[in-house]
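Beneath this line is the structure, given in structure tokens, with notes to follow.
Read the figures in this text as sums done on the coordinates, not as results from a lab. Source: prediction; values computed, not measured. Counting neighbours? That spans all protein chains shown, and the Cβs are built from the backbone with ideal geometry, glycine included.
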């Protein structure tokens, strides 16, 4: 995981299930300025596959993705323009 990137906003969706995982992520990104970074904490196979894929499809950049021993994945997304 890149440690030199500072998140402008954080979102914990570890208790959410699809499709709410990306709905909450998209709402957070929509409230940010282009270039800002969102740190998302998520859990589970489906969100791990869907959130980064859908973020890319929406024009955002995935900067880092790291899954810890506890099963929680931290994802850094830079909002696209």
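Observations on the structure shown:
- Placing pseudo-labels 7 Å out from each Cα toward the beta carbon at residue 57 and residue 36 gives an inter-label distance of 2.5 nm.
- Proxy reagent accessibility, fewest Cβ within 10 Å first, across 9, 43: 9, 43
- Between residue 23 and residue 6, the distance separating the two model label sites (each 7 Å from Cα on the Cα→Cβ line) works out to 3.4 nm.
- 10 Å-binned pair-distance histogram of the stretch 23-64 (Cα, whole percent): 25, 65, 10
- Across every pair of non-identical alpha carbons in the chain, the mean reciprocal distance, once inverted, gives a Kirkwood radius of 12.3 Å.
- A simple spin-label model places the labels of residue 72 and residue 49 2.4 nm from each other, with each point 7 Å out along Cα-to-Cβ.
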